[in-house]
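For reference, the structure discussed in these notes is given below.
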Amino acid sequence: MIATLADDPANGATNGDIPLLQVRDLGHSYGSRIGCRDITFDLYPSEVLGIVGESGSGKTTLLSCLSGRLPLSQGTIHYDTRTQGLVDLAALSEAQRRLLTRTDWGIVHQSPRDGLRMAVSAGANIGERLMAVGARHYGQIRDTARDWLQRVEIQPDRIDDLPSTFSGGMQQRLQIARNLVTGPRLMFMDEPTGGLDVSVQARLLDLLRGLVDDMNLSVVLVTHDLAVARLLAHRLMVMQGGVVVESGLTDQVLDDPHHPYTQLLVSSVLQV
Ligand SMILES: Nc1ncnc2c1ncn2[C@@H]1O[C@H](COP(=O)(O)OP(=O)(O)OP(=O)(O)O)[C@@H](O)[C@H]1O
Ligand SMILES: [Mg+2]
């Protein structure tokens, strides 16, 4: 049996911690169409929260709201900043929000093309994030970029290659390196292993688990793949029709689903 992050008592919420993210009654509507609504949860330091649900259930909408790329139609998000403590994200200036996005947060997009700059080299993709947080020394930036390429299992001598010359799995790993290089505390990931073949997926998952562990990352992970959720997530929220229909510890939700939709989700995977 494969050990999961949830098996490790050092991971996940410990009582007494202050949540990194506090989300209350969050909702977003596209005109009259509801994207998601009434979403409430806390995310603790070093915790991985999985969001699962069928296509169109509101997962990406929720992630976009959390990462500041979509305005809220309803509710609040509070974030525990390094310098000011708990702040209401809606009250931040655009400049403060951009700084958070560049330093404290990382966003891994489902398609690497949305998360990488395809017209500049792999090294520049990593270096750009470093320069955004003040790095200026060219030699050091290149050394750090090389180091990160190695950490995500890309040959450091590919540093001057364009991402378009990388395979899908390599592009996804480069996207992860670009995000992690600034030592973020919170990562938003939308289907990080989507579109990859099974063996590449397994390696990427392994790598992600190691990095999440090493860096004490908190992660909001959107996936339609329950095996990915089981491997990475401590807790799960199951979405259907824009709302959360069930939530709890990953093993509890998957081994003893209560809501009929979760039961269907779990049983349909078992039948494959
Ligand atoms: N830009 C948009 N304009 C209008 N409606 C949208 C837009 N984006 C999403 N929606 C609607 O919001 C709802 C939730 O969509 P969302 O993309 O969040 O689902 P999802 O769970 O991420 O689906 P998938 O698994 O297919 O990526 C759907 O009804 C969708 O049609
Ligand atoms: Mg989506």
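Suppose only helical runs count, i.e. DSSP H with n ≥ 4. What mean residue ellipticity at 222 nm does that imply for the chain under -39500 (n - 2.57) per run, divided by all residues and rounded to the nearest 500 deg cm²/dmol? Rounded to the nearest 500, it is -11000 deg cm²/dmol. Working note: Karplus 6.51/-1.76/1.60 with θ = phi - 60° gives the range 109-120 the couplings 7, 4, 9, x, 4, 7, x, 10, 9, 6, 8, 10 Hz, where Gly and Pro are set to x.
Counting charges near Gly139 (Lys, Arg +1; Asp, Glu -1) among other residues having Cβ under 14 Å from its Cβ returns a value of +1. Full extension of the chain segment joining Ser29 with Asp214 gains 62.9 nm, where the gain is 0.36 nm per residue of separation less the Cα-Cα distance. With 0.36 nm allotted per residue and the present C-alpha distance subtracted, the Ile18-Ala135 stretch has 39.1 nm of extension available. Neighbours of Leu99, meaning other residues whose beta-carbon lies under 14 angstrom from its beta-carbon, give a summed charge of +4 when Lys and Arg score +1 and Asp and Glu score -1. For the range 191-272, the solvent-accessible area works out to 46 Å² per residue, with a probe of 1.4 Å and every protein chain left in place.
Among the trypsin sites (Lys or Arg not before Pro) within the range 105-149, those in coil by DSSP and having at most 15 neighbouring Cβ atoms inside 10 Å are Arg117, Arg136.
In order along the range 209-217, the phi-based Karplus estimate (6.51 cos²θ - 1.76 cosθ + 1.60, θ = phi - 60°) of 3J(HN,Hα) comes to 4, x, 5, 4, 5, 4, 9, 6, 6 Hz; Gly and Pro are listed as x.
The values are calculated or read from the model by the stated rules, or taken from the named source; none is laboratory data. Nothing here was measured: the structure is a model prediction, and the numbers come from that model. Glycine also receives a Cβ, built like all others from the backbone with ideal geometry; neighbour counts cover every protein chain displayed. When the accessible area is computed, the model is the full protein with side chains, heavy atoms only, and any ligands, DNA or RNA have been set aside. Shrake-Rupley method; radii C 1.70, N 1.55, O 1.52, S 1.80 Å.
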